[in-house]
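The values are calculated or read from the model by the stated rules, or taken from the named source; none is laboratory data. Quick caveat, the model's predicted, so the values are computed rather than measured. Glycine also receives a Cβ, built like all others from the backbone with ideal geometry; neighbour counts cover every protein chain displayed. These area figures cover heavy atoms from the full protein model, side chains too; ligands, DNA and RNA do not enter into them. Shrake-Rupley method; radii C 1.70, N 1.55, O 1.52, S 1.80 Å.
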Amino acid sequence: MAGPNDPIRIDSRDLFSSEVEEYLSVQENLKQNLAESEPQPLWARLLFSNWFYLSLASGLGGFLAWASMEPFFSDNDDEGSRFVGIFLFPAVAGGIGLFLGAAEGVMCRNPMRALISAVVGTLVGFLGALVLIIPVGLFYNVAMGFAVELGGGVVDGGLKPGLPFLLGMIGRAVAWAVVSIPAGIGQGIALREWKVTLNGLLGSALGGLLGGLLFDPIFHVFSTADGEAAASRAIGLTIIGLMVGLFVGLIEGWTKTAWLLMKQGPLAGKQFIMHRETTVLGSSPKAEIYLFKDPAIEPRHAIIHNRGGRYEIEDCDTPDGTFVNGKLIDRHRLQTGDQITLGKTVLEFAVKDAE
């Protein structure tokens, strides 16, 4: 009888026994071969960049808002034009909020999320700007009055070049920065995600500021000799929308801490930023990361938990299981570069290194 310190001896009968073969078969079934993901073409990487599709969506919102208001607008300083002008800011903010809110849901093929975010984005954008138009209007009128007084009057209906013109640009830019904020926060409010709301607030304020700064130079370049400024308004309001969406997307990218990149699947190249403490992955439209067109993925397939900056994925007792780096898991602490496989979908996890 062998003692506790004696070496273990295995002969050929032990090595090739049915028990060993069965154990190796089970372990092999728990593994999954990882196929090499093909590099995404440039157009796909650009299309799925949130700053790109958010800027296009917001720019479209600004343009359509102009198109809806322009038939009622006149460049003559009459009472009707002033009344329509009151609703110009809310209309643009509502249009931007509509398309900015819907963009993420549309890109993720989630119609319900797109609809809810679009409705909330429109209401928050329009009503928020309508409330803000009073203090913003007062500020803008004071700034323009000061610029006119500083320049000793106006020239051809506009501010004199130099410091008066610059002050007028700043006044308009600040006004658009404030009014654009409701347009940027609708999606976060609809999804009840405070980080998305904060990103929208910062991004829309910066985008409105830059777009507003460009408004007066655009007016002077594109307005006609007889004072018609329809083209300049169309370009200016579209650019304000573009800038709002661009900066909302850029702020999301700058502030993200953890995200998933789809390497294989119907949205290959799409990046999903994780904002919540728990992120559900599944085939249900209610899941934070909606994985569609894959019968092997359950409505609630896996959950990623944020435990104080440490991320752990948990399988939801699914028939086909969840794999990380080719191995079947129940729970697994995620590291940057881990490949998560659910059905035919492959997601790569990444977390921003702490400074």
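Data table
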{"quantity": "Selection from the stretch 220-248 of residues that are in contact (Cβ under 8 Å) with a residue 40 or more places away in the chain and either surrounded by fewer than 16 Cβ atoms within 10 Å (Cβ to Cβ) or more than 26 Å from G200 (Cα to Cα) (or both)", "calculated": "H220, G227, E228, A229, A230"}
{"quantity": "Number of the condition not met by I289 [criteria: (1) in contact with a Phe, Trp or Tyr (Cβ under 7 Å, 6 or more places away or on another chain); (2) modelled with pLDDT of 95 or more; (3) open to solvent by 20 Å² or more (accessible area, probe 1.4 Å)]", "calculated": "(3)"}
{"quantity": "Residue pairs meeting the criteria (Cβ under 7 Å; at least 6 apart or on separate chains; first under 24 Å from E288 (Cβ atoms), in the stretch 84-111; second open to solvent by 20 Å² or more (accessible area, probe 1.4 Å) and in a loop (DSSP other than H, G, I, E, B))", "calculated": "R109/F292; N110/P285"}
{"quantity": "Scope the stretch 292-348; condition open to solvent by less than 10 Å² (accessible area, probe 1.4 Å) and on the phi > 0 side of the Ramachandran plot; matching residues", "calculated": "G321, G326"}
{"quantity": "Where a residue in the stretch 190-213 is under 18 Å from V119 (Cα atoms) and its partner, wherever it lies, is among the basic types (K, R), with Cβ under 9 Å and at least six apart", "calculated": "A190/R113; L191/R113; E193/R276"}
{"quantity": "Members of the stretch 33-50 that are open to solvent by 60 Å² or more (accessible area, probe 1.4 Å) and either outside any helix (DSSP H, G or I) or at pLDDT 95 or above (or both)", "calculated": "N33, L34, A35, E36, E38, P39"}
{"quantity": "Pairs, first closer than 13 Å to L347 by Cα in the stretch 249-271, second among the hydroxyl-bearing types (S, T, Y) and surrounded by 18 or more Cβ atoms within 10 Å (Cβ to Cβ), C-beta under 7 Å, six or more apart", "calculated": "A258/Y311; M262/T345; Q264/T345; G265/T345"}
{"quantity": "Residues (in contact with a Lys or Arg (Cβ under 7 Å, 6 or more places away or on another chain) and open to solvent by 20 Å² or more (accessible area, probe 1.4 Å)) located in the stretch 273-286", "calculated": "I273, H275, S284, P285"}
{"quantity": "Single residue of the stretch 249-272 satisfying the filter (of a type in the set (V, I, T) and surrounded by fewer than 19 Cβ atoms within 10 Å (Cβ to Cβ)) that is farthest from the chain's Cα centre (by Cα)", "calculated": "T257"}
{"quantity": "Residues satisfying the stated conditions in the stretch 242-291, i.e. touching a Gly at 6+ places or on another chain (Cβ under 6 Å) and either on the phi > 0 side of the Ramachandran plot or aromatic (F, W, Y) (or both)", "calculated": "F247"}
{"quantity": "Positions within the stretch 131-147 being over 30 Å from the mean Cα position of the chain (by Cα) and open to solvent by less than 30 Å² (accessible area, probe 1.4 Å), in sequence order", "calculated": "A143, A147"}
{"quantity": "In the stretch 333-355, the residues that are polar (S, T, N, Q), over 13 Å from F323 (Cα atoms) and either assigned to a strand (DSSP E or B) or in contact with a strand residue (DSSP E or B) (Cβ under 7 Å, 6 or more places away or on another chain) (or both)", "calculated": "T336"}
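Yes/no per residue for (1) modelled with pLDDT under 95; (2) open to solvent by 30 Å² or more (accessible area, probe 1.4 Å); (3) part of a helix (DSSP H, G or I); (4) touching a strand residue (DSSP E or B) at 6+ places or on another chain (Cβ under 6 Å):
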| residue | (1), (2), (3), (4) |
| --- | --- |
| V84 | yes, no, yes, no |
| A93 | no, no, yes, no |
| G97 | no, no, yes, no |
| L100 | no, no, yes, no |
| I116 | no, yes, yes, no |
| V119 | no, yes, yes, no |
